[in-house]
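Just below is one structure, and these are the notes that go with it.
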Amino acid sequence: MTAAPAHRIKGGVQSPVRHESAIGHVTGSALYLDDVPTVPGTLEAALVLSPHAHARIASVDFARALAAPGVRAAIAAGDIPGRNDIAPILKGEPALADGVAEYVGHPVAAIAADTLDQARAAAKRVEIAYEVLPPVLTIEEALERGLLVAPEQKIERGDVGPALDAAPLRLAGEARCGGQDHFYLEGQIALAVPGEERDMQVFSSTQHPTEVQHGVAHLLGLPFNAVTVDVRRMGGAFGGKESQATIIAGIAALLAWKTRRPVKLRLARDDDMQATGKRHPFLIRYEVGFDPEGRIQALDMLYAANAGNVADLSPAVIARALCHADNCYFLPNVRLRGLACKTNTVSNTAFRGFGGPQGMFGIEAVIDAVARHLRLPLETVRQRNFYGIGRNDTTPYGMKVEDNIIERVMAELDGAVDLARWRSEIDAFNRANPVVKKGLATMPVKFGISFNLTTLNQAGALVHVYTDGSVHLNHGGTEMGQGLFVKIAQVVAEAFQIDVEHVRVSATSTGKVPNTSATAASSGTDMNGMAALDAAGRIKARMAEVAAAHFGVPAGEIVFADNRVFAGNKSLAFAELAEMCWRRRVSLSSTGYYRTPKIHWDGQAGKGRPFYYFVYGAAACEVAIDTLTGEMRTLRAELVQDCGRSINPAIDLGQTEGAFVQGLGWLTTEELWWDRAGRLGTHGPSTYKIPGSRDVPPVFNVRLLPDAPNREDTVFRSKAIGEPPLMLAIAVWLAARDAVASLGDHRLAPKLDAPMTPERILAAVDDMKARSA
Amino acid sequence: MAALRFLLNGQRVVEDSASPTMTVLDYLRGVRRLTGAKEGCAEGDCGACTIAVAWPHGGARYRAVNSCLMLLPQIDGAAVLTVEGLAAPDGALHPVQQALVETDGTQCGFCTPGFVMAMLAFRQGGETADDAAIHDALAGNLCRCTGYRPIVDACKRAAAAPDPLAARAAEDLARLSDVPPGIGYTRHGRSFYAPRSIDDLHQLLRQNPEAPLLGGGTDLGLLASKERRGPPVVISTQSVPELKRILRGPDVQTFGGAVTYAEALPCLDSDFPSFAALVRRIGSRQIRNLGTLAGNIATASPIGDTLPCLIALGASVVLRSAEGTRRLEVESFITGYRKTDLRPGEFIDAIEIPRLGNGQRFVAYKLSKRFDQDISAVIAAFRLELDRGRLAEFRAAFGGMAATPRRASALEAALTGRMWRRESLVDVDALVARDFQPIDDVRATAAYRLRAAANLVRRLQLETGAGPAPAGLDAL
Ligand SMILES: Cc1cc2nc3c(=O)[nH]c(=O)nc-3n(C[C@H](O)[C@H](O)[C@H](O)COP(=O)(O)OP(=O)(O)OC[C@H]3O[C@@H](n4cnc5c(N)ncnc54)[C@H](O)[C@@H]3O)c2cc1C
Ligand code: FES
Ligand code: FES
């Protein structure tokens, strides 16, 4: 019917287009906020942090600080013109500590000075009188005292008490996983520039420009339309620049407001690590009832998170943890309770996976215990508990798992690596080696996509076609390295059938696309891609009308392909048509909008369909431990990752590898250490160890699951990728447990929590040796 | 120095006004507006600030260093390359840049300029690009996004292409040969001295009794970088040729008081491979290109990695002042927590390490949370000699176990003379506990330190006793 050529455009969907800033990255010309030249007169700021975990702030005296050279302003909570509240979910979370300091590192005051050194020096001269109060530092203490930052959450099905009693076998246990600093390479930073009248322009390294806009507006007592927030790129974020960026931007804006000058606040790494939140550590307790085959009949679990001093995003993190406490398993009778414990530590926050990793860590501890108790392979017990297809397919929160492909994913993995053979190699090695022991384990993952809170699942985009055929694209998502910009550009290129180089994505701005959600929950491409597709579709329809009139055919016969627009065998270049539209006074600009369908969530009841779909994956990992020192190496990792029909396999591969290694860090070297006074001892890379290149398994193979289009109607049937692979690293924890268990002939469950520092591994080894002697 | 003179990306720079305690990173970003190098930590651990420097005394090649730790005058007379200076004039990327693009080795890109420079320095070294060498070369650079696989691949890919900058260091240094070496740079009431001879050094020390010596600045530089307060006067040892001497005598190896780890390594490799392997785990290449043995000794940290090794080896420091020279065993030179017997006007002229006698062996171990670029929880160093299956001589020194690195006297006394087999080690936990009362801190608990220290003696026995040594992790 049409003569549209089979020729593909360059950089459409499914092609491995490079990150749009790759050349800028390698030449150093990609600009991060601190690289952008500021106007003369711009001030630099520094924070004054509480040295106490819990203290009443009796007085703040700025006299000595203000007298220091170059100092232009000093502020504390009392100097806030609007409302000192930047809480993302609940209320009452101050940007600057008000009356009490609730953790070591709590920002109490801030200074603006001509230079950064002057600001930091003056910050040390602020005299604050504290009345020290006793702190609560651990989850256990908070549990004992019933200290929570938010109400308990519960997901329940069946009657767990009687079901536990009725189960033939029963085990109870406990597992712990540590927190994790985001360690984005670019620290928190914001630049606030006061404009005319009451306007405030904020450049922020944030995943959530809208929340920064709201936070700044609240602090300054302004309507939202007076505040514009821009972000071009972040040097990494991982959840750490979702709510936390608002603190930094808010304080910069307060100082800018006070001085009427642009103010930049860039945190030193130590301040960043002490003042801003991290992944939640969890204490998990369980009681499980099961049959002799390993089928779980009843499970009662408590997920207690260290939320830190305020709620921040903790309620949502806990909801996600509970919604992932099933991982891939059908739990007929189950009670999942989640507690956000209040402690005098930094308020923990979003971090890639957002509770999902901790939720799965808990259930995998249960499965591991059941398997060891029955002396069955982990894989066998798992397989007996997997969600079925058409039966046993409802989650504890009442959502039917309609897209279950976990058995296929596990089969792909097994097919690729031959687990049985691998296992026998490990056993042979262990028989021959007295000091070094190897372990092997797999890990299946099912991760729900969408924000639990239904409202957040909406996005906007703005597309302009210029008369030369080039396209300007803007959307609510932010670029933090995850390749969102290039993916959305591909989507728009595909829609218009033009080469991706003609699509330019510009900095995210609250002035262009309003009321956005955070770029989080892996949802960036899903939502913004659909919104951009909507915008492009609207423009395309108008262009098609013009083309139809031009060629004298019905609009339905117009085909966009290969940078041209066809009507049968006649065609126009895309740019020519754009020019023609303009001449005929047809708008070439449109907004686009998307709301995720099908989803709903009742947090109170712990029921609903919170997720549009699930992403699956599986991993097998081999580790070796030194039983004399507890040192460990991850030797091999084999991954299978579902990403639907990938929009960009190169980006998705990078996300998978990066997330896995980040998960590896969480479970191994990344230990957060506080002293008895609540001071974080690991507040820089000298003490806090994220993985380096040598820590990546020397054999590391990632397979993107082929031929697996999303069952749901997502953007080009792709799936979200940002978070799910992180949880594949739980295989490393299980493999280390396997290595420890080998010392007791695999009969006993090892006592090994995360992070698995040499110290924890050696303790587990010694314990295993003692118990099995 | 009337002014600082150096080459920056091939351009001559005469710097006449910047403060001598400004860091090179702040200078590049703030004064030169070269914002490719980033600040990720300001403590030498993330590598985002990595640049490459060629020094006249350093062989004609560019080496990676952390610009966040360096004081600006440390590049006086040197040639500096930053990420902005790698692409050809026509914009063609350098092979290391091109390779990173092709392997999708960048995500957020914030770490990338640092990796590019570390990779360039690696390329300039002309080593074989195998995994072990690559990890060694990249240990000073952190990436939080990619998981490193594509970056490691890029190193391999770049190794296959010729380095267009191969001759660049020699050319750049030749262009600097007419630059008169300065010995002092004073601005804003602060001074940096780079004496050219021992006599000048004596004199400067006399005139500035409070001024610290600066070796590589990997300890001292933190003051300027993190604390934002560089000392008002510093005296660098790096331009005193005598302090750069490395002598391999029949009985002792001598390392001058300004010899860097990188410079010492080839010599250590030949006589003390286990010591050399441990030195390769000190910081990163960036750190080892700057940091000196003398600096490690003078810092006298309980977790200074070389100290237990030097103590177990019976090494001495040669201390020199205008009044004369004295020799002290490293063991007696360290007098307390971060305290030494260094007297005013004195400096470490050299470190002397006795070479191993026939039948003597030396083995050192380092335990840390991460293999590379991590500070030790425990360091153990042993020198031993076996005589018909018996421990005839046994020196054991530990770091991370007390306020100073020191010998384990109860352990040494008890084990010396024993048959060297597993069964002889039943009381080693108790012996170690008699020697040390370590503390809990960020790196480990006291309990772990004690247990692991005892187990390192067990590991030593397995590796040096009769019978085949069981495979260790490093063999995997
Ligand atoms: C990122 C990073 C990682 C590190 N990793 C390790 C590690 O793994 N293991 C470890 O042990 N250390 C480590 N260090 C510490 C440091 O690198 C070493 O202690 C180094 O040896 C110091 O040498 P320098 O020349 O840089 O010392 P400088 O900072 O120049 O000086 C340190 C001290 O030594 C004095 N000094 C220097 N030369 C002389 C001399 N000739 N005579 C008398 N006094 C002198 C100085 O006055 C000063 O007090 C690390 C440091 C950093 C920043
Ligand atoms: S800024 Fe991190 S090493 Fe220099
Ligand atoms: S690409 Fe983001 S830190 Fe390396």
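The values are calculated or read from the model by the stated rules, or taken from the named source; none is laboratory data. It should be emphasised that the depicted structure is a prediction, and the values quoted were computed from it without experimental measurement. Virtual Cβ from ideal backbone geometry, glycine too; neighbours counted across all protein chains shown. Remember, those area values only see protein heavy atoms, side chains included, never the ligands or the DNA or RNA. Shrake-Rupley method; radii C 1.70, N 1.55, O 1.52, S 1.80 Å.
List of remarks:
- Length added when fully stretched, A:T115-A:A605, from 0.36 nm per residue minus Cα-Cα: 171.1 nm
- For residues of B:452-460, the mean tally of beta carbons on other chains within 10 Å: 3
- Placing a label point 7 Å from the Cα of A:E293 along the Cα-to-Cβ direction, the residues of region A:378-414 whose backbone N falls under 15 Å of that point are A:380-389, A:391-392.
- Each residue was assigned an accessible area with a 1.4 Å probe, and for B:L138 the value is about 0 Å².
- Solution diffusion estimate, µm²/s, Stokes-Einstein, region B:288-347, Kirkwood Rh from C-alpha pairs, 25 °C, viscosity 0.890 mPa s: 207
- For A:432-438, mean number of other protein chain Cβ atoms within 10 Å: 4
- Placing pseudo-labels 7 Å out from each Cα toward the beta carbon at B:M419 and B:V31 gives an inter-label distance of 6.9 nm.
- Estimated Rh, region A:346-438: Kirkwood, alpha-carbon pairs, angstrom: 16.4
- Legend: P(r) of region B:350-459 from all alpha carbon pair distances, 10 Å bins from 0, whole percents, reading 14, 45, 30, 10, 0.
- The ratio of the alpha-carbon radius of gyration of region A:604-711 to the globular-protein estimate 2.2 N^0.38 Å is 1.40.
- Temperature 4 °C, viscosity 1.567 mPa s: under these conditions the Stokes-Einstein estimate for region A:458-595, based on its Kirkwood radius over C-alpha pairs, is 87 µm² per second.
- With only the Cα atoms considered, region A:302-345 has a convex hull volume of 55 Å³ per residue.
- Over chain B: Kirkwood hydrodynamic radius from C-alpha pairwise inverse distances, Å: 23.4
- Considering only alpha-carbon pairs that sit under 8 angstrom and 6 or more positions apart, the relative contact order computed for chain B is 12 percent.
- With semi-axes defined as the square roots of five times the eigenvalues of the C-alpha gyration tensor, the equivalent ellipsoid of region A:694-741 measures 30, 13, 10 Å, largest first.
- Cα centroid separation, region B:242-307 to region A:633-711 (Å): 34
- Shape metrics for region B:192-248, restricted to C-alpha atoms - Rg then Dmax, Å: 12.3, 40
- DSSP-loop trypsin sites (Lys or Arg not before Pro) across region A:215-316, with at most 14 other Cβ within 10 angstrom: A:R260
- Spin-label proximity, B:R326 to region B:268-299 - amide N less than 11 Å from point 7 Å beyond Cα toward beta carbon: none
- Globularity ratio of region A:278-393, using Cα Rg and 2.2 N^0.38 Å: 1.12
- Fully extended contour minus Cα-Cα distance, from A:D159 to A:R391, at 0.36 nm per residue: 81.5 nm
- Sorted largest first, extent of region A:1-152 alpha carbons per principal axis (Å): 80, 50, 29
- Tail beyond 45 Å, pair distance distribution of chain A (Cα, percent): 26
- Computed FRET value (nearest 0.05) for B:H57 with B:R434, which takes r as the C-beta separation and R₀ as 60 Å: 0.80
- Exposure check, 1.4 Å probe, all protein chains in place: B:L142 carries approximately 0 Å² of accessible surface.
- Spread of Cα-to-Cα distances over 10 Å intervals beginning at zero, given as percent, for region B:23-117: 17, 48, 31, 4
- Positive-end residue, chain B charge dipole about Cα centroid, Cβ charges, pick of B:V65, B:F398, B:G140: B:F398
- Spatial offset of region A:139-192 relative to region B:362-395 amounts to 42 Å, using the alpha carbon center of each.
- Sorted into 5 angstrom bins from 0, the C-alpha pair distances of region B:112-223 split as 2, 9, 14, 13, 12, 11, 13, 11, 9, 4, 1 percent.
- Descending principal axes extents, region A:563-605, alpha-carbon based, whole Å: 59, 25, 13
- Rounded to the nearest 20, the Cβ-based charge dipole of chain B about its Cα centre (Lys and Arg +1, Asp and Glu -1) stands at 540 debye.
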